[in-house]
1. Using a 10 Å cut-off on Cβ atoms, rank the peptides 199-209, 84-94, 70-80 from the highest mean neighbour count down.
2. Within a Cβ distance under 14 Å of residue 185, other residues only, what is the Lys/Arg minus Asp/Glu net charge?
3. Going by average Cβ neighbours within 10 Å, how do the peptides 107-113, 233-239 rank, with the highest at the top?
4. With only Lys, Arg, Asp and Glu charged, each at its Cβ (+1 for the first two, -1 for the last two), find how big the charge dipole of the chain is about the Cα centre; round to the nearest 20 debye.
5. Kindly rank 53-64, 155-166, 5-16 from highest to lowest mean number of other beta carbons found within 10 Å of each residue.
6. When the expected Rg is taken as 2.2 N^0.38 Å, what fraction or multiple of it is the alpha-carbon Rg of region 178-244?
7. Lysine pairs in the chain 8 or more apart or on different chains: how many have alpha carbons under 28 angstrom apart?
8. Suppose only helical runs count, i.e. DSSP H with n ≥ 4. What mean residue ellipticity at 222 nm does that imply for the chain under -39500 (n - 2.57) per run, divided by all residues and rounded to the nearest 500 deg cm²/dmol?
Amino acid sequence: MSRFLGISREPEFSPGKVEDDRAILEMTAARLRERGHAADVCGADAEVWPVATDATVVFTMAQGGRALDRLQQWAVRGVRIINRPEGILNCQRHRTVAAFAQTDVAFPETALLATTEATRVPAWVSAAGAWVKRGDVHATEADDVVYVADMNAARDALRRFQVRGIASAVVQRHIAGTVLKFYAVRGGFFHCVPPTAGGETPKETARRIDALGRRAADILGVEVYGGDCVVGVNGELTLIDLNDWPSYAPCRARAAGEIAAYVLAQIKATES
């Protein structure tokens, strides 16, 4: 059995990004093999997975309930998993909102609602505008994250979720400013996508985004992660999303090497 095993993301959780998501996982495995190690990759929705022993380090992008249940069984046995199932689940919005509410993480005012509770849409939506997002997994289609200008539009979005069988949603206050996407690996790698092609994110802004992302990732318990941050008109930062193991498309080659190094360090840690 390989000492390293990658589990890819289910296609339904990679809308429009199946190839990108698979590419970062495969490239990470390739970097491990280049360093002389065996590394296999299998699909999260495969009926049969390779056997994981206590000496195996698993790196996974899976998000579906069936795969996470299987991974949790391995975790209970002591298998090292990156990201851990609990951390992946914590990146579902209903958990993220609850976790950040107890901390100092700069996060927009957010209401967590059942999709049957359209009458409970907060009044501030009509004053500031808001984003209505499904409350479980990240977007699987365009209507999973929509901007609304007033309470009626927010209620309509909730009703559409309800019709689709989505039980929960978040209503998040719109934050004016520039949205910057970032990618990271715990304790080291960080990449911030500049706001304009060919541009550059100021070093101090990037440093602050990195610190905010690290704090949020530590709270949620993820090690390979990315997200979106708004830089407001006065320079204030607000985290609007944190995702477990994104595609790293803008920085894939460098990120794969950094992730592989992090994964390899976990094997060394188990042997020390």
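Bear in mind that the values in this text are calculations on the coordinates, not laboratory data. Not measured: the values here are computed from a predicted model. Cβ placement follows ideal geometry from the backbone for every residue including glycine, while neighbour counts extend to all protein chains displayed.
1. The peptides rank, most packed first, as 84-94, 70-80, 199-209.
2. Numbers: positive: 31, 186, 214, 252, 254; negative: 210, 218, 223, 244, 258.
Once positives and negatives cancel, what remains is 0.
3. Values: 107-113: 19.0, 233-239: 13.7.
Ranked by mean Cβ neighbours within 10 Å, highest first: 107-113, 233-239.
4. Values: 32 positive and 33 negative charges, 69 e Å.
Result for the chain is approximately 340 debye, rounded to the nearest 20.
5. On the way: 53-64: 20.7, 155-166: 16.6, 5-16: 19.1.
Those peptides, ordered most packed to least, come out 53-64, 5-16, 155-166.
6. Values: Rg = 11.1 Å, N = 67, 2.2 N^0.38 = 10.9 Å.
The value comes to 1.02.
7. On the way: 17/133; 17/181; 133/181; 181/203.
For the chain, qualifying lysine pairs total 4.
8. On the way: 8 runs with 100 residues, N = 272.
The helix-only estimate for the chain comes to -11500 deg cm²/dmol at 222 nm.
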